[in-house]
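In what follows, a single structure is set out as structure tokens and then discussed.
The numbers here are math on the coordinates, done by the rules we state, and not lab data. All values reported here derive from a predicted model rather than from experimental measurement. Cβ placement follows ideal geometry from the backbone for every residue including glycine, while neighbour counts extend to all protein chains displayed.
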Amino acid sequence: MRIVGDTGATVEQMSIDEAYLDCSRCAKRTTWTPSLRQALPLAQRLKERIRAQRQLTATIGIASNKLLAKIASDHQKPDGLTLIADRDKVQFLRPLPVRALYGVGKKTEEILNHAGIDTIGSMQDYAGDLRALVGSFGPTLKRFALGEDDRALSLGDEIKSISNEETFLHDTDDRKILRHCLREQAADLSERMKRRRLGAHTVQVKIRYGDFTTLTRQISVEESINEATDIYRLACFLLGREKLVSRPLRLLGFGREQFARTQRAATGFFVVAKGFVDG
């Protein structure tokens, strides 16, 4: 990772041999493509240093955001260098399988394929609401299909967790009481998260029945959230999807949500380097 750090870019290490580089400070032009081209000499020098010092090849992708840079880095393995110009991103993505998009795993891929969406191009053209297929991930997935991604580098190593729960005096399945409870807890979580400048990528609901059976269910989202309305909406979705209020509850709350501080990138571009070893 020392070789990558020597570039002067801001680095998010993903694994022992893969990292995102935010080269925003190198971007001196007002349009994306000229700025992206400034990364080509840097990328070539990086490949040469990795080969000289580690005797390894490296595949590098250059683009205006993390999503595209990652896809570009997968394009010409094992020794490629691919730049996706912003004006070409939609067409570049069209023939690729939906699995190429960040956040699309095997199960999501099967759901999309069953609906006739097997390529990113078919997702771009899909006229329906993707939320009917993949829930709250739908709008984000649509943006990904169009090459749009505003995720910043995650630079904090410290992972925080916050929980909030309430034990009722009497077991209840009264929807009005339960919704009020969730709203208050979501508002409290939101306030604490904003105070710590945190965003949640996973929301976990915790329930306990009168016989002390305790269950937790969680849902992950691509874009971090810290607004009370978003937290509350996801909690209600989990309760309904999992049919958790099938009998009166003794306890209702949020489990230990996982958070990380993120740093918003300045206008610039991202490079993904992979294939080197740490050192």
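If the chain linking Leu146 and Ala132 were pulled fully straight, counting 0.36 nm for each residue of separation and taking away their Cα-Cα distance, it would gain 3.2 nm. In order along region 62-74, the Karplus-derived 3J(HN,Hα) couplings, from 6.51 cos²θ - 1.76 cosθ + 1.60 at θ = phi - 60°, round to 10, 6, 7, 8, 5, 4, 5, 4, 5, 5, 4, 5, 8 Hz, and Gly and Pro are given as x.
Its relative contact order, with pairs defined as Cα atoms under 8 Å and 6+ residues apart, puts region 159-260 at 49 percent.
Shown is the FRET efficiency for Asp125 and Gln218, computed with R0 = 35 Å from the Cβ-Cβ distance and rounded to the nearest 0.05: 0.60.
Each Lys and Arg Cβ is given +1 and each Asp and Glu Cβ -1; about its Cα centre, region 159-260 then shows a dipole of about 100 debye.
Translational diffusion coefficient of region 159-260 (Stokes-Einstein, Kirkwood radius from Cα pairs, 25 °C, 0.890 mPa s): 182 µm²/s.
Think of region 159-260 as a dipole: +1 on every Lys or Arg Cβ, -1 on every Asp or Glu Cβ, centred on the Cα centre; then among Tyr209, Asn226, Pro248, Asn226 lies furthest on the positive end. Whole-percent P(r), region 66-209, all Cα pairs, 10 Å bins from 0: 9, 29, 26, 23, 11, 3, 0.
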